[in-house]
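The values are calculated or read from the model by the stated rules, or taken from the named source; none is laboratory data. All values reported here derive from a predicted model rather than from experimental measurement. Neighbour counts run over all protein chains shown; Cβ positions are idealised from the backbone, glycine included.
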Amino acid sequence: MAGIDESRAFVALRIAVLTVSDTRALADDKSGSILAERIAQAGHVLADRAIVQDDVETIRAKARQWIADSGVDVVITTGGTGFTGRDVTPEAIEPLFEKRMEGFSTLFLMVSHQKIGTSAIQTRATAGVAGATYIFCLPGSPGACKDAWDAILVHQLDYRYRPCNFVEIMPRLDEHLRRGKAKGGAA
């Protein structure tokens, strides 16, 4: 049965939030604020928060900065996952993935469908791992951010969640980078 195992200690993660928008500032960034509040309520640390314009290179540069930062475990972006010409977050972030998390997109679509019906098809939410950092790209609507956090991320980013969660495998995310060539393997 899925749920919290109280015998396990909570592990606070350092989570950075990136809002992708041509029109928002911190004062009116509802989605970024919702994520920051939920991160703190869950017991995690808001490692950083930023707003960048809908531009592939700008988004990618900020993501790379946080991926390289040992003080950031998780990056959550909000905005830029739709179909308009300026929606470029997946194009910016997905090339950075070493491993794509197909299940996140599917589960997010299922959660969204329960809330907004067939309108859920309009999202290109995506997730993956880059440089031992989890990255989740959410739509820019406050409702979508609430749904993704409350139904998926709050559980998978909690070490106590059973039967499994993302936190417990974090120490092994970069094992392919640390592991040398296999003995007897091609040079």
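Structure above, values below:
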| item | result |
| --- | --- |
| Residue match in segment 70-87 (condition: assigned to a helix (DSSP H, G or I) and either closer than 23 Å to Tyr159 by Cα or not small (Gly, Ala, Ser) (or both)) | no |
| Residue count for segment 1-24, restricted to those that are more than 19 Å from Val88 (Cα to Cα), surrounded by fewer than 17 Cβ atoms within 10 Å (Cβ to Cβ) and not polar (S, T, N, Q) | 11 |
| Selection status of Ala125, touching a Leu at 6+ places or on another chain (Cβ under 6 Å) and either aliphatic (A, V, I, L, M) or modelled with pLDDT under 95 (or both) | yes |
| Some residue of segment 64-85 being surrounded by fewer than 15 Cβ atoms within 10 Å (Cβ to Cβ), touching a strand residue (DSSP E or B) at 6+ places or on another chain (Cβ under 6 Å) and at pLDDT 95 or above | yes |
| Test: residue in segment 98-106 that is touching a Lys or Arg at 6+ places or on another chain (Cβ under 8 Å), in a strand (DSSP E or B) and at pLDDT 95 or above | no |
| Selection from segment 8-58 of residues that are part of a loop (DSSP other than H, G, I, E, B), touching a residue at least 60 places away in the same chain (Cβ under 8 Å) and closer than 20 Å to Gln156 by Cβ | Arg8, Ala9, Phe10, Val11, Leu13, Ala42, His44 |
| Which numbered condition Gly143 fails, given (1) over 18 Å from Ser21 (Cα atoms); (2) in a helix (DSSP H, G or I) | (1) |
| Test for Pro163: is it touching a residue at least 12 places away in the same chain (Cβ under 8 Å) and either touching a Ser or Thr at 6+ places or on another chain (Cβ under 9 Å) or closer than 15 Å to Ile76 by Cα (or both) | no |
